[in-house]
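Undergrad: Sharing a structure below in structure tokens format, with a few things to ask.
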Protein chains: 2
Amino acid sequence: MSDPIRVALLGCGTVGGEVVRLLGEQSVELAARVGAPVELVGVAVRRPHKHPEVPAELLTADASGLVNRPDVDVVVEVIGGIDPARGLLLDALKAGRGVVTANKALLAEDGVTLAEAADASGADLYYEASVAGAIPLLRPLRESLAGDKINRVAGIVNGTTNFILSAMASSGTGYHEALDEATELGYAEADPSADVDGFDAQAKAAILATLAFHTRVSAADVYCEGISAVTSADIAAAEAVGCTVKLLAICERVPGEPESVSARVYPAMVPLGHPLASVDGAYNAVFVEAEAAGQLMFYGQGAGGAPTASAIMGDLVAVARNRVAGGRGPRESAAAGLPIRPMGATPTRYHISLEVDDRAGVLATIAGLFAQQGVSIATVRQDVTPRDAGARGARLVIVTHLAPDAALAATVAALGELDEVFGVDRVLRVENLGRPVTALGVT
Amino acid sequence: MSDPIRVALLGCGTVGGEVVRLLGEQSVELAARVGAPVELVGVAVRRPHKHPEVPAELLTADASGLVNRPDVDVVVEVIGGIDPARGLLLDALKAGRGVVTANKALLAEDGVTLAEAADASGADLYYEASVAGAIPLLRPLRESLAGDKINRVAGIVNGTTNFILSAMASSGTGYHEALDEATELGYAEADPSADVDGFDAQAKAAILATLAFHTRVSAADVYCEGISAVTSADIAAAEAVGCTVKLLAICERVPGEPESVSARVYPAMVPLGHPLASVDGAYNAVFVEAEAAGQLMFYGQGAGGAPTASAIMGDLVAVARNRVAGGRGPRESAAAGLPIRPMGATPTRYHISLEVDDRAGVLATIAGLFAQQGVSIATVRQDVTPRDAGARGARLVIVTHLAPDAALAATVAALGELDEVFGVDRVLRVENLGRPVTALGVT
């Protein structure tokens, strides 16, 4: 058995506490799997006296001092946020220590700097816990599919919003009631913005796109819409066309010269028969399409102390093993360097609900406007469900074929200008999961 | 860039042909990911003149000569079967060459010998493609969950039988019609025994149990029943209790002193709300329960040339990277060495359908017999669906609580002896996926 692998833990909240517990409970198994004992040598927290669960001699308020202790082999970071986490991890990587982190915000904002520091010193940088909690997803993308070509990664990567949308779909309640329920049950934070405005999913999309397409994608490259505008009428409209509404993080390789990468987050209609449609409550699931492997899906708990700690422990075992072997794990490659496709040029499909004047010739006018914008209609349907007392005309539901998002948005704006259209009520994108991405000849 | 990694391919059928294609098409990306060119140096096949798709100078009929060429770094084996694959892979491992194999039969029969040879020479032995085709499953089990404790791995690991059971469930056709359809569509082989009798799933269960519980489990340790006795009446009976029928490979850690491992394959009733229930057609899916990670599911194509080749390529990249780095990947650990629990002592639940004399006191007699056998009844229901013209009495459907399988089997046998029971028609096990395994105090 080799010398112990010495671990410093930064942060000791729900996830950190579970890591401390697992390091203790699994110490015999860990040593067997790593080939060396795995020893916790320090835990940096803001208020050491508030952590009776950790042996007092391990606690310190001096995170920087802990990271720079020369006997530390691996730094596990569960503080979250950009600073001071960035500086601490850069220090650790520069000193050649392995890093295991769950910090999606930092990775999505400045993963490049971290990866470069890791490459420069030959240190390991692992972050399975940053996306989809316990679900083994980054390792399969990075390693299992390393000899394949990934075309799309699309999934439900935020449990809070999935809980809310599932509650709206199953009980017909509105967004605010469902959010209140999520808050009461502890699925939503007091300030739910990071979840409901899509920022959490946006960071995860950046990490997934970077890995899947060997191209550096940061959060700022990811188009993002949250779920706060989703109404129970949207969900009913989705059901009427055999769909459900999910907040999706979508990363696609778009063919063309050159190939490009689209990364985006928004509430989308997903056909009920698709495996993602039945992922309910706070669960996460990610659907992967690769050239040879075909369609894969990974499903599990996306958050929570124990699940996130499980992912961290898997990474810690890998980094510790690499150190025992004197090597380092496969590193992330940004070799492809594909351009990021702007949202306006990204092929999407719209579901549009319109209130129109109920007389002859109106449909011809509307269809003409679509044609003028170069947008092709897949289905048009007059809604026969009972309408509000105030409704003035007929309701048309139009689903388009794939078109550049900007052309679709322009079509919706132009529809609003028509005298025959009393109102454009609802617009949601419909996702073509499982079908090939097309470039649509857009530059 | 390092010296090329030189690959020998044994076998060139559907999967091997895809491997040759991917090695060619992805050569630039592979070199970038591995840090060295990956070069195919030979392909051993029985009849070299039958492979116009492979450059003639690479083809040879002398597999042993190819494996023993001193310049070969990695041997990829897709011949299948026990011999001559075993001898060839042992030669390769003894000479320190990395091995990537899809050979589930060999791994399930004699994985121990292969693993020992790999350990002795420090060579890599990877076999992601042996279970669930393209689905990254073994790497997550071995690496991502390395710091967690796995309690159950249960899944649909044979696409042929899942296609047949799905067809029976969706169209109400019988087993033989569904098998004919599967054969016509190419999902079943001319001799379907390996699939329908469960042997393919049995081998995969052995591989999964070995990895999940760090205990060597061979095919002979896995209890196995196939699907040829499943009738459309069984499927209807499952639906009546909110279930569907799936051929499951189940690997469980059973608590007790000592802990033990149960590995088994049989058609089982799965509640419709469970994610495995909606896995239809030729798809595979594996459900994993771990202490910290909670419930995970992996879904995708379990067979086919391209999906299987994708898994092989992922392994090949890992082995090649390890060679470039001068190390080796994490090896399988059999350190836990848990005893294998015999099927009779394994806790299961039965769904039993009985035709009984329709008079007072019969239920009391039957309930008394269950009590005598120490088996607890969960639900009992009189079936009110129309019965065959020849039916003599009432039909009772009984679902038990968990009990040792032998006690359940003894109960069924004893029921058949009762005068009040005209016939015991259908017995299927009901799986408790997602619920804790209990030991039931059985020794």
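Undergrad: Might you let me know whether the stretch A:103-123 holds any residue that is of a type in the set (Ser, Thr, Tyr) and buried (at least 24 other Cβ atoms within 10 Å of the Cβ)?
TA: There is no residue in the stretch A:103-123 that is of a type in the set (Ser, Thr, Tyr) and buried (at least 24 other Cβ atoms within 10 Å of the Cβ).
Undergrad: Right, here's the next one. Is it fair to say residue B:247 is touching a helix residue (DSSP H, G or I) at 6+ places or on another chain (Cβ under 7 Å), in the same structural domain as residue B:186 (by TED's automatic domain parsing) and closer than 23 Å to residue B:427 by Cα?
TA: yes
Undergrad: Of all residues in the stretch B:191-205 being of a type outside the set (D, E, K, R) and assigned to a helix (DSSP H, G or I), which is surrounded by the fewest Cβ atoms within 10 Å (Cβ to Cβ)?
TA: For the stretch B:191-205, the residue satisfying everything is B:193.
Undergrad: Look at residue B:361 and say whether it is surrounded by fewer than 21 Cβ atoms within 10 Å (Cβ to Cβ), over 26 Å from the mean Cα position of the chain (by Cα) and closer than 30 Å to residue B:36 by Cβ.
TA: no
Undergrad: With the condition being over 26 Å from residue B:212 (Cβ atoms), I'd like the strands (runs of 3 or more DSSP E) fully within the stretch A:233-340 carrying at least 2 qualifying residues.
TA: A:243-254, A:260-271
Undergrad: So which residues in the stretch B:11-20 are touching a residue at least 60 places away in the same chain (Cβ under 8 Å) and within 14 Å of another protein chain (Cβ to nearest Cβ), if there are any at all?
TA: Within the stretch B:11-20, B:14, B:15, B:16, B:17, B:18, B:19 qualify.
Undergrad: Quickly run through the stretch B:303-315 and pick out the residues that are in contact with a Lys or Arg (Cβ under 9 Å, 6 or more places away or on another chain) and under 14 Å from residue B:138 (Cα atoms).
TA: Result: B:314, B:315.
Undergrad: Criterion first (within 9 Å of chain B (Cβ to nearest Cβ), within 24 Å of the chain's Cα centre (by Cα), surrounded by fewer than 19 Cβ atoms within 10 Å (Cβ to Cβ) and not aliphatic (A, V, I, L, M)) does residue A:278 satisfy it?
TA: yes
Undergrad: Something else about it: In the list B:155, B:186, B:147, which residue meets the criterion of being assigned to a loop (DSSP other than H, G, I, E, B) and buried (at least 24 other Cβ atoms within 10 Å of the Cβ)?
TA: B:147
Undergrad: Residue check: is residue B:177 in contact (Cβ under 8 Å) with a residue 12 or more places away in the chain, of a type in the set (Asp, Glu) and in a helix (DSSP H, G or I)?
TA: Considered against the rule, which asks whether it is in contact (Cβ under 8 Å) with a residue 12 or more places away in the chain, of a type in the set (Asp, Glu) and in a helix (DSSP H, G or I), residue B:177 comes out as no.
Yes/no per residue for (1) within 30 Å of residue A:136 (Cβ to Cβ); (2) out of contact with any Cys (no Cβ under 6 Å at 6 or more places or on another chain); (3) more than 8 Å from chain B (Cβ to nearest Cβ):
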| position | (1), (2), (3) |
| --- | --- |
| A:294 | yes, yes, no |
| A:300 | yes, yes, no |
| A:317 | yes, yes, no |
| A:341 | yes, yes, yes |
| A:351 | no, yes, yes |
| A:375 | no, yes, yes |
| A:382 | no, yes, yes |
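Undergrad: Follow-up. Name every residue in the stretch B:1-16 that is at pLDDT 95 or above and among the small types (Gly, Ala, Ser), in order of residue number.
TA: Scanning the stretch B:1-16 gives B:8, B:11, B:16.
Undergrad: On to the next question. State which residue is farthest from the other protein chains (Cβ to nearest Cβ) when the search covers only the stretch B:302-315 and only residues that are surrounded by 24 or more Cβ atoms within 10 Å (Cβ to Cβ) and among the small types (Gly, Ala, Ser).
TA: B:302
Undergrad: Taking the stretch A:236-250, which residues are buried (at least 24 other Cβ atoms within 10 Å of the Cβ) and at pLDDT below 95?
TA: Correct list: A:238 only.
Undergrad: So, in the stretch B:175-204, exactly how many residues are of a type in the set (Phe, Trp, Tyr) and farther than 12 Å from residue B:161 by Cβ?
TA: Looking only at that region, the number is 0.
Undergrad: Looking only at the stretch B:117-151, count how many residues are more than 25 Å from residue A:288 (Cβ to Cβ) and within 10 Å of chain A (Cβ to nearest Cβ).
TA: Residues meeting the conditions: 1.
Undergrad: In the stretch B:60-70, is there at least one residue being under 24 Å from residue A:296 (Cα atoms) and assigned by TED's automatic domain parsing to the domain that holds residue B:19?
TA: No - not one qualifying residue is present in the stretch B:60-70.
Undergrad: Let me ask something else. Any chance the stretch B:209-226 includes a residue that's crowded, with 24+ Cβ neighbours inside 10 Å, of a type in the set (S, T, N, Q), under 13 Å from the mean Cα position of the chain (by Cα) and closer than 22 Å to residue B:349 by Cβ?
TA: No: zero hits.
Undergrad: Does at least one position in the stretch A:269-280 carry a residue that is without any contact (Cβ under 8 Å) to a residue 24 or more places away in the chain and closer than 16 Å to residue A:158 by Cα?
TA: yes
Undergrad: Suppose we filter A:326, A:294 for residues that are at positive phi, at pLDDT below 90 and surrounded by fewer than 22 Cβ atoms within 10 Å (Cβ to Cβ); which single one remains?
TA: Within the list A:326, A:294, the selection yields A:326.
The values are calculated or read from the model by the stated rules, or taken from the named source; none is laboratory data. Worth saying up front: this structure is predicted, and the values here are computed from it rather than measured. Note: ideal-geometry Cβ built from the backbone for every residue, glycine included; neighbour counts use all protein chains shown.
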